[in-house]
Amino acid sequence: MSARIRVAVIGVGHMGTFHARLWRQCEAAEMVGVYDIVPDRACAVAQELGVTAFETLEQALEAAQAVTLATPAHTHAELLRMCLHAGRHCLVEKPLATSLADAQDVVELSARTGAVLMVGHSERFNPAFRWLCQQSFPVRFVESHRLHPFRPRSTDVSVVLDVMIHDLELLAELLDAPVEQVQAHGVPVLTPLPDIVNARLQFANGCVANVTASRVSAKFLRKMRLFGPNRYVALDFAQQSLELVCLQQEPPGAGEELLAEYGSEDGHMRRIVRGVRQFPQVNALQEEHRAFLECIRSGHPDPALPYAMAALQWAQQIESAVMAAVSPVGAP
């Protein structure tokens, strides 16, 4: 398939507008237009980009081969069913759905129709994370923080489905193991749903992950630290960089720093060496678009869809644990 793929964006709020602008710049796609239930919003974005503001979803589906769905989370399942039944390839902002049953239903519908379904977990395209996934590093403990100041959007879901789900999806790919136990605590602060949550996940491979997400923080923070035998890795998603601290016999290499060294009982020197890897900056959303187009052209399903499903399952377990913690058995 060499022709440009016709794309429409459904929902042009904050994220949808970002998607629309990037699709307009994409040489491999033809951005045909946008649709939003607020006509003035659709018209404003369409005028900015020089594309059509569709009056109905049906018009958008008729004009496009593929859609980006960037609407409130509680609408995802219903809209995905409409798009997939029409045979349109779908890139949907996270979460895939607000229930596991709805998510499984649209995944099965995608398989039946042959239309590509991809979930917009753009953080997995971060070059630092991609490098980490290529390493044979037995991770035994993870500490993750994803914090940002309050923004009056995506409040139809808790911070787990809004923010934490990014890190859950990354852990699903990185650890490739089921979760055996979940403990979680969280509280509503500025919305009726939990705005800050801490979860402890015990994986079948022995790894434990302590994951914190907040949408009421005073600052932005997107970091993950991973610990294993003889190695510690700190991943800064915002900077797209990694800090590595290793226990090794070899002296530091170029660009590495010797933090400490000592002799061991076997007569060898042990050195604690620190290094930093800075990767060329990429636009993760743009990389997400490229991956989506590649799936469409190849006819292959998104290989990361199982990770999105696992992340949603764990998110629901975390939300249930949070509710159990604030509403003990027997409470009125």
Reduced to Cα centres, the span from segment 73-127 to segment 156-223 in Å works out to 21 Å
Restricting to Cα pairs under 8 Å and 6 or more apart, the percent relative contact order of segment 198-310 works out to 15 percent
By the DSSP-based rule, helices of the chain that are at least 24 Å long along the axis (C-alpha) and have a mean Kyte score of at least 0.5 are 305-326
Each label sits 7 Å from Cα toward the beta-carbon; between Thr113 and Leu100 the label points are separated, in nm, by 2.5 nm
Subtracting the Cα-Cα distance of Gln281 and Asp176 from 0.36 nm times their residue separation yields 35.1 nm
Taking r as the C-beta separation of Val187 and Ala218 and R0 as 25 Å, the FRET efficiency to the nearest 0.05 is 0.90
Reduced to Cα centres, the span from segment 134-152 to segment 1-68 in Å works out to 32 Å
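How do Tyr307, Tyr262, Tyr35 line up, fewest other C-beta atoms within 10 Å first?
If I rank by nearby Cβ atoms, fewest first, I get Tyr262, Tyr307, Tyr35.
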Contour minus Cα-Cα span, Met323 to Trp131, at 0.36 nm per residue, comes to 65.5 nm
per DSSP, antiparallel bridges as share of beta bridges in the chain, % nearest 5, sits at 65 percent
Placing each pseudo-label 7 Å from Cα in the direction of the beta carbon, Arg6 and Ala44 end up separated by a distance in nanometres of 2.8 nm
The chain, Gaussian network, Cα under 10 Å: of His14, His76, His121, the residue fluctuating most is His14
The size of the Cβ-based charge dipole (Lys, Arg +1; Asp, Glu -1) of the chain about the Cα centre, to the nearest 20 debye, is 420 debye
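Any read-out appearing in this document is the output of simple, stated calculations on the displayed coordinates, not a laboratory observation. Predicted model, so just to flag it, every value in this text is computed and none were measured. A quick note on method: Cβ atoms are made from the backbone with ideal geometry, for glycine too, and the neighbour counts reach across all protein chains shown.
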